[in-house]
Amino acid sequence: MTKPPVLRVTLRQPNSEASRLVLEGEKITMGRSADCTLPIRDRFLSRHHAEFLWTDGCWHIHDLGSANGTFLNGARLEVIERLREGDVVMLGDSELQLGGAVESAPRISVDDSNSGLSIAIPIKQIGDMTDTHRDQNAEGLRILNRLAMELIEDRPMSELFDFIVERVMHLMAPSRCALALLNSDSKSFQSVYMRCRTDSDSQDLTISRTLLEEVVVKKNVLSFNDVSQDENLAMAKSIVGQSIRSALCAPLVVGDSVLGVLYLDYLLTQRTIMEADVRLVAQISRVAAAKLETTRLREESHVKAKMEEELRTAYVIQSRLLPSRPPNIAGYRLAGVNRPVRTVSGDYYDFVERPDGRIYFIIADVSGKGITAALVMASTATAFGIFTKSDPTPADLLRSINQTLAPKTAPSKFVTMFVGVLDPVSGVVGFANAGHTPPLVLRGGRVEVLTTTDMVVGLFPQAQYRDQATTLSPGEALLMFTDGVIEAENGNGDELGHDAVCVNAAAWHGSDAAGLIERLEKSVLGFSGSTPLGDDLTILALSRDGG
């Protein structure tokens, strides 16, 4: 059976940089479970959510019966589908794009031929060029000093690669020079920056696997000379096939990590590489690696600072969408709290008081986290404020919000939502549930779970919702919360669960709305202990005095 080719994908998640991944095997499983080939930390994924399959000579995608579905190019996956370059697979709040970034014209591949070596020096044994042979190394020292001075100037990362390669071309006059960054597997290359002396020189380069291991794993600086006169080198197809007469390869080392390689070679032209050349290129690779790393860290810091500033602004705007205080209603208490795990939240709650004294309320949870979820949350808040003005039933309110959001949200973005309206005179609470965590009614020493629910908001414009009702007698309360409560995990990875919340809540009868929120928060935090919450925590409570 033919071995399937590696599958290159780019993973994108909210508030995280894109990750380029190289996956191998005939079956690649994805999900929240650690035993998946590709574990993805996303609360909207099932433990074993989907898989890539190599069948009939091509890659396919298969949903494994996940709760929230798998989407291929925006369409929900119903059967096993064939994949093509550039396809986008959505799983929960995560996106996988096949092929990742398209490789540029220069390309470095790896083969299994066994290249002989002329010189191999461990990078850690490359000392300062002023240590010994001062006179012999005077020219090399001048070159390094000049390069170091030129690298003082800050350049964007995209320009820095070209600059380093051009300087090596000028200093060493090779036929080709390449600066290549490694993939996470350290066995292949993710980015290649190459310069050729003439247009006729090929930009495709093959390096033997053994040579790459010498550079990356053993951190050796390598050279080989005059292929035609070396029996071992003459057998290396990766060298002979490219008409390479001599070449040099050095690791780009930062600390204990190898970022990539600096490679140069001489095609057809006779050029003997001396030990002094090896040591000089090793020093150049050290300077280049250090500059590349500091530039990367600087640019990441700038991006992070900009993102943090934008998030702070978003937090201020979003906090104004939440109620500053609940309405004051004789005989009732209302309270709510929102604890985002990040700067901004996809959770939402609110109250609206109507002229006749009735109170509309809502608690909602947008799929995903971060800015994208916060934007959907803002749309939900706007729709709630507008549609309550016409005094709709809860089901009609959900229907109007859904018809507004569904055509404008991505297939992977939806909102679970519980809306209600309180008649303070009778104590009747009309409500409708769109896939939200079942609320609890605390009656005496028992807990009633409002389990009946309908379709989530934001997926299907024609979704229908049902009006329901319950009555709060004096001393009774309605407790609502997002799934950040029941999905809170302890140090063993166990979830708190809805049943445990019900058991605890049975002892909270008589507490007012604020007291219920305080008790539920303590219950969640006591269960999770030192384990950070993985999702936003939002609680809404309505209690009736007396009893």
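The values are calculated or read from the model by the stated rules, or taken from the named source; none is laboratory data. Everything numeric here is computed off the predicted structure, so don't read it as measured data. All Cβ positions, glycine included, derive from the backbone under ideal geometry; neighbour counts span all protein chains shown. Ligands, DNA and RNA are excluded from the accessible area calculation, which covers all protein heavy atoms including side chains. Shrake-Rupley method; radii C 1.70, N 1.55, O 1.52, S 1.80 Å.
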Residue check, Arg12 touching a residue at least 60 places away in the same chain (Cβ under 8 Å), open to solvent by 30 Å² or more (accessible area, probe 1.4 Å) and under 30 Å from Lys306 (Cα atoms): yes
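Listed residues Leu442, Leu422; which is within 22 Å of Trp508 (Cβ to Cβ), touching a residue at least 40 places away in the same chain (Cβ under 8 Å) and in contact with a His (Cβ under 7 Å, 6 or more places away or on another chain)? Give the derivation first.
On the way: Leu422 fails: in contact with a His (Cβ under 7 Å, 6 or more places away or on another chain).
From the options Leu442, Leu422, the qualifying one is Leu442.
To keep it simple, each residue is scored yes or no on (1) β-branched (Val, Ile, Thr); (2) modelled with pLDDT of 95 or more; (3) in contact with a Ser or Thr (Cβ under 9 Å, 6 or more places away or on another chain); (4) at positive phi.
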{"position": "Asp396", "(1), (2), (3), (4)": "no, yes, yes, no"}
{"position": "Thr404", "(1), (2), (3), (4)": "yes, no, yes, no"}
{"position": "Pro424", "(1), (2), (3), (4)": "no, yes, no, no"}
{"position": "Gly445", "(1), (2), (3), (4)": "no, no, no, no"}
{"position": "Gln468", "(1), (2), (3), (4)": "no, yes, yes, no"}
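When residues of the stretch 162-182 are filtered for being open to solvent by 10 Å² or more (accessible area, probe 1.4 Å) and outside any strand (DSSP E or B), how many remain? Spell out the reasoning first.
If we filter the stretch 162-182 for residues that are open to solvent by 10 Å² or more (accessible area, probe 1.4 Å), which is where we start, we get 162-163, 166-167, 169-173, 175, 181-182.
Okay, now just the ones that are also outside any strand (DSSP E or B), so 162-163, 166-167, 169-173, 175.
Result for the stretch 162-182: 10.
If you go through the stretch 335-350 one residue at a time, how many are over 28 Å from the mean Cα position of the chain (by Cα) and surrounded by fewer than 21 Cβ atoms within 10 Å (Cβ to Cβ)? Before you say what the answer is, go through the steps one by one.
Initial filter on the stretch 335-350 (over 28 Å from the mean Cα position of the chain (by Cα)): 335-336, 350.
Within this subset, residues satisfying the condition of being surrounded by fewer than 21 Cβ atoms within 10 Å (Cβ to Cβ) are 335.
Count: 1.
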May I ask you to list the residues in the stretch 31-55 that are polar (S, T, N, Q), within 25 Å of Thr482 (Cα to Cα) and not in a loop (DSSP other than H, G, I, E, B)? none
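Checking the condition part of a helix (DSSP H, G or I), modelled with pLDDT under 85 and polar (S, T, N, Q), which residue from Ser223, Ser238 passes? Step through it out loud before you land on a result.
Values: Ser223 fails: part of a helix (DSSP H, G or I).
Sole residue among the options that is part of a helix (DSSP H, G or I), modelled with pLDDT under 85 and polar (S, T, N, Q): Ser238.
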Which numbered condition Leu375 fails, given (1) without any contact (Cβ under 8 Å) to a residue 60 or more places away in the chain; (2) in a helix (DSSP H, G or I); (3) farther than 18 Å from Gly92 by Cβ: (3)
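Can you go through Ala506, Ala541, Ala500 and tell me which one is among the hydrophobic types (A, V, I, L, M, F, W, C), open to solvent by less than 10 Å² (accessible area, probe 1.4 Å) and closer than 25 Å to Thr453 by Cα?
On the way: Ala506 fails: open to solvent by less than 10 Å² (accessible area, probe 1.4 Å); Ala500 fails: open to solvent by less than 10 Å² (accessible area, probe 1.4 Å).
The unique qualifying residue is Ala541.
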